[in-house]
Amino acid sequence: MSYLLRHSSLPDAYGWVNTATFIKMHGYTRQELNELVSKDAKGRFEFSENKTAVRARYGHSVEVIVDIAPNVPSGKLYHGTATQNIVQILIGGIKPGSRKFVHLSENIESATKVGSRHGIPAVFIVDTEAISATGSPFYPVKDGIWLTEYVAPGYNTRIREIT
């Protein structure tokens, strides 16, 4: 499901895939798809209002138009990574890698979970107020997850490693 909605050429310019087409291609029943979308703990997927289309809200490696209104976070955000990326981030900033956006979390715990998927986790605190002052947008996607295009060096500080 993630691959087809985030990384394939199937979605339209806004990331939508016709629900019937998706069901036919993937082999889910409509009920199974409804459950996957509604019970996804990270809120990664959504239906259109009339449920005729489904999409991933974030995490794309293919070009999609973000139709989420930018907003300014009310506090700091956190970026989880693996310790082997620390030096690269301190020198070059936080980049989206193969994705279109950098993913940030509203709390240290979520960022730590993300970082632990890639090795020994490290967490960076992101100075959202300073970044917002430069005009760079932040996009709130769901349940404490935010997107931005890039976090330049100097706008992030490593706060801890979890061993």
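Side notes on the structure shown:
- Residues that are of a type in the set (F, W, Y) and open to solvent by 70 Å² or more (accessible area, probe 1.4 Å), drawn from segment 1-30: Y3, Y14
- Within segment 110-146, if we keep just the residues that are of a type in the set (D, E, K, R) and closer than 13 Å to L77 by Cβ, the residue that is surrounded by the fewest Cβ atoms within 10 Å (Cβ to Cβ) turns out to be E129.
- Test: residue in segment 32-41 that is touching a Lys or Arg at 6+ places or on another chain (Cβ under 7 Å), part of a loop (DSSP other than H, G, I, E, B) and either modelled with pLDDT of 95 or more or closer than 21 Å to W146 by Cβ (or both): no
- K42 vs. criteria charged (D, E, K, R) and within 23 Å of K100 (Cα to Cα): yes
- Looking only at residues in segment 31-51 that are of a type in the set (K, R) and free of Cβ contacts under 8 Å to residues at least 40 places away in the same chain, the one that is surrounded by the most Cβ atoms within 10 Å (Cβ to Cβ) is K51.
- Segment 59-85: number of residues that are part of a strand (DSSP E or B) and either closer than 14 Å to H103 by Cα or open to solvent by less than 40 Å² (accessible area, probe 1.4 Å) (or both): 6
- Sole residue being modelled with pLDDT under 95, under 16 Å from the mean Cα position of the chain (by Cα) and part of a loop (DSSP other than H, G, I, E, B), chosen from H103, H118: H118
- Verdict on E149 being open to solvent by 70 Å² or more (accessible area, probe 1.4 Å), touching a residue at least 24 places away in the same chain (Cβ under 8 Å) and either closer than 25 Å to L4 by Cβ or of a type in the set (G, A, S) (or both): yes
Quick grid of which residues meet (1) touching a strand residue (DSSP E or B) at 6+ places or on another chain (Cβ under 6 Å); (2) free of Cβ contacts under 8 Å to residues at least 12 places away in the same chain; (3) of a type outside the set (A, V, I, L, M, F, W, C):
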position: Y78; (1), (2), (3): yes, no, yes
position: I91; (1), (2), (3): no, no, no
position: H103; (1), (2), (3): no, no, yes
position: I108; (1), (2), (3): yes, no, no
position: T134; (1), (2), (3): no, yes, yes
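- Condition met for V54 (under 21 Å from S9 (Cβ atoms), in a strand (DSSP E or B) and open to solvent by less than 80 Å² (accessible area, probe 1.4 Å)): yes
The values are calculated or read from the model by the stated rules, or taken from the named source; none is laboratory data. Everything numeric here is computed off the predicted structure, so don't read it as measured data. Here the Cβ is made from the backbone with ideal geometry for all residues, glycine too, and neighbour counts use every protein chain on show. With ligands, DNA and RNA removed, areas are computed over all heavy atoms of the protein, side chains included. Shrake-Rupley method; radii C 1.70, N 1.55, O 1.52, S 1.80 Å.
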